[in-house]
Amino acid sequence: MKISSQFFLILILLFGCKAIETNDAVLEEAKSFKNFRGFEPVDPTEFNDDILIVQDGLIASKDLKLLNAEETLGFLNNETVLVSIGLLTSEGKIAYIPFAISKKNTSYKVTMDYMKYATLGQRDERNNFIGYKRVGVGLRLISLITTAEAGINISDLYSIGLAAKAGKLSGTLMIEVIGIKSKDVTTLLPLPSEINQTTIQNAMQALATIKSKIYDADTKLYPQVMAIKVDIGARNQKIATVSANNNAPIVSAGMSMSLDDDKVEDLDDNSIKLQFQNNTIGTGSKEMKAATLERKALYSLLDKNVEGALRNLEECEQVLPGYHSVYEVMILLKKNRVALLDKEDSLWQEVYRQLLNNFSWRIPESIKKKLRDSTN
């Protein structure tokens, strides 16, 4: 038993030393960027795209900026608190690292995010999946620090404050309110400068109060792109290279290996696309377009606009042939087209009755009610 205990003690010491060497290599050579798999915070940028929401029992597409407060909060159905630690490299770049213990005389960017968000996938212009983006509103606390000693837990604001008080690090503190607009929020926002226990405590208290304002009626929400994650598969696709001699792949896609500078540039390109380009997954499906056109046609019928209804139904049939009862309704309207050009014609009531009797299983309840009211 004594020999066994000594053996395990030696193993722990060996692996502990190895882990320290590995962490030092990551810090000194900035290898962390190549190994990092989490979401990376980005400067908040406007999100300009349509999203899918449920309206009256149907899926519809709507510009994010046109959502009301209830629709916006329904879309932002996730919440998280995320701490990201970025190492400032000698080249002036930020390499996000998977651990939180500092190295001596090193600069870091520590970002603490509270996010209320939705995660959206994205493809590039060639329809290749490149990663995810978190679109939402939230609060961000950024610490730019330089350590004078090693071994500081820089993922914890309390530890950062204690280290600053002891003179073990120095830096500045920044606060960002992302996509949350109200007079109360502006009043509550503190103006910190240097890092110390007092500024950190004041910042945390202010952010907690601002967070409680998200559901206030007077608060306006404008979702932004807050964080991105380049897909691992996309990373591996970029690893595949071509031999200069025979144009054959020298490394197959998906194989693990270190990324050279060219590959890092490819990943940087995907990061830029995730941050600034519109989302293309979930908003461009044929089903979504067909549902939107069908809804427009139904509202045109309620307005007794037969031409508008036919245009939307014909386009819907082209986008997704056989969708719901679009073709049958289109035939009904074409058969009575001339009479229906007159909004006062009694035939409109007969059309509404046929819609309710024959095609109501796909009509939202709110529109059904309007159709019933129009037949009385």
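The values are calculated or read from the model by the stated rules, or taken from the named source; none is laboratory data. In this text the structure is predicted, and so the values were computed from the model without any measurement. A quick note on method: Cβ atoms are made from the backbone with ideal geometry, for glycine too, and the neighbour counts reach across all protein chains shown. Just so you know, the surface numbers come from the protein's heavy atoms only, side chains and all, with ligands and any DNA or RNA stripped out. Shrake-Rupley method; radii C 1.70, N 1.55, O 1.52, S 1.80 Å.
Worth a mention:
- Residue list for the range 151-170, filter: touching a residue at least 12 places away in the same chain (Cβ under 8 Å), of a type in the set (Gly, Ala, Ser), outside any loop (DSSP other than H, G, I, E, B) and surrounded by fewer than 22 Cβ atoms within 10 Å (Cβ to Cβ): Gly161, Ser170
- Considering Lys289, Lys370, the condition of being open to solvent by 40 Å² or more (accessible area, probe 1.4 Å) and touching a strand residue (DSSP E or B) at 6+ places or on another chain (Cβ under 8 Å) is satisfied by Lys289 alone.
- Residue in the range 206-215 that is under 23 Å from Leu64 (Cα atoms) and either β-branched (Val, Ile, Thr) or touching a Pro at 6+ places or on another chain (Cβ under 9 Å) (or both) present: yes
- Residues in the range 118-150 that are of a type in the set (A, V, I, L, M, F, W, C) and assigned to a loop (DSSP other than H, G, I, E, B): Ala148, Ala150.
- Among the residues of the range 190-201, the ones that are closer than 20 Å to Met115 by Cα and buried (at least 16 other Cβ atoms within 10 Å of the Cβ) come to 1 in all.
- Enumeration of residues in the range 79-104 that are open to solvent by 30 Å² or more (accessible area, probe 1.4 Å) and touching a Leu at 6+ places or on another chain (Cβ under 8 Å): Ile94, Lys103
- Within the range 88-115, considering residues that are out of contact with any Pro (no Cβ under 9 Å at 6 or more places or on another chain) and within 30 Å of Glu71 (Cα to Cα), the one modelled with the lowest pLDDT: Met112
- Among all positions in the range 134-150, there is at least one residue which is more than 26 Å from Ile228 (Cα to Cα), modelled with pLDDT of 90 or more, among the small types (Gly, Ala, Ser) and open to solvent by 50 Å² or more (accessible area, probe 1.4 Å).
- Qualifying residue in the range 55-77 (condition: touching a helix residue (DSSP H, G or I) at 6+ places or on another chain (Cβ under 7 Å) and surrounded by fewer than 15 Cβ atoms within 10 Å (Cβ to Cβ)): yes
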